[in-house]
């Protein structure tokens, strides 16, 4: 299982600092949507230039014009780009087409509420995305009674390649791997730590 750090900050200098602190201990550097909105595609170029040996994940959360938006992100240096799993099928297929053109990967982000998440995960997987991110956003995580277990259960049931993003900590990362995830996405557990490098190293050490 790979470890992905979510650079969930809105300023490029902060993202570069966090990437520098953690890159040694992670496999994937994720540019969060607020960072891309605030700094634009130049943020992707900057992170990739600083860490050419790492996979750079652009969390575009594309909901329309899938091929165009994915093409822009891939051209800027992204290795992986997200499209909303609940978007129109043609939007997902368009993003996948851009990924194939660049030889890069598209990830379907399932953060949006749908009637049957497992069914939709299976549908978008058939459209050619490399894997599906089963994702609980910050607002969902803040609700009383939130548990990462629902994400893990859906991943197991779906039976397709998936990642998990939703408050992963040192206490839950083993369960994420046991559920079969190919990528564990850690945000606050690393970003908010007093020593982000040590936090990333500790999480990585828990992956078998």
Rounded to 0.05, the calculated FRET efficiency for the beta carbons of residue 156 and residue 38 at R₀ = 35 Å is 0.45
Expected unfolding gain across residue 208-residue 50 under the 0.36 nm per residue rule, minus the alpha-carbon gap, is 54.1 nm
In nm, the gap between the two label points placed 7 Å beyond Cα toward Cβ at residue 143 and residue 116 is 2.1
Residue 10 and residue 177 label points (each 7 Å along its Cα→Cβ direction) are spaced in nm at 3.6
Per the 1/(1 + (r/R0)^6) rule, R0 = 22 Å and r from the Cβ atoms of residue 90 and residue 130, FRET efficiency to 0.05 is 0.75
Contact order relative to length for the chain, counting C-alpha pairs under 8 Å separated by 6 or more residues, stands in percent at 19
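What does the convex hull of the alpha-carbon atoms of region 1-149 project to on average, in nm²?
9.0
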Expected sort for 172, 130 with the fewest Cβ neighbours (10 Å cutoff) up front is 130, 172
Descending packing, highest mean Cβ count within 10 Å first, for 20-26, 163-169 is 163-169, 20-26
Rounded to whole Å, √(5λ) for the Cα gyration tensor eigenvalues of region 106-208, largest first, gives 24, 15, 12
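Here, each number is a calculation from the coordinates, and none is a lab measurement. These numbers were taken from a predicted model, which means no experiment stands behind them. Glycine gets a Cβ as well: all are built from the backbone with ideal geometry, and neighbour counts include every protein chain shown.
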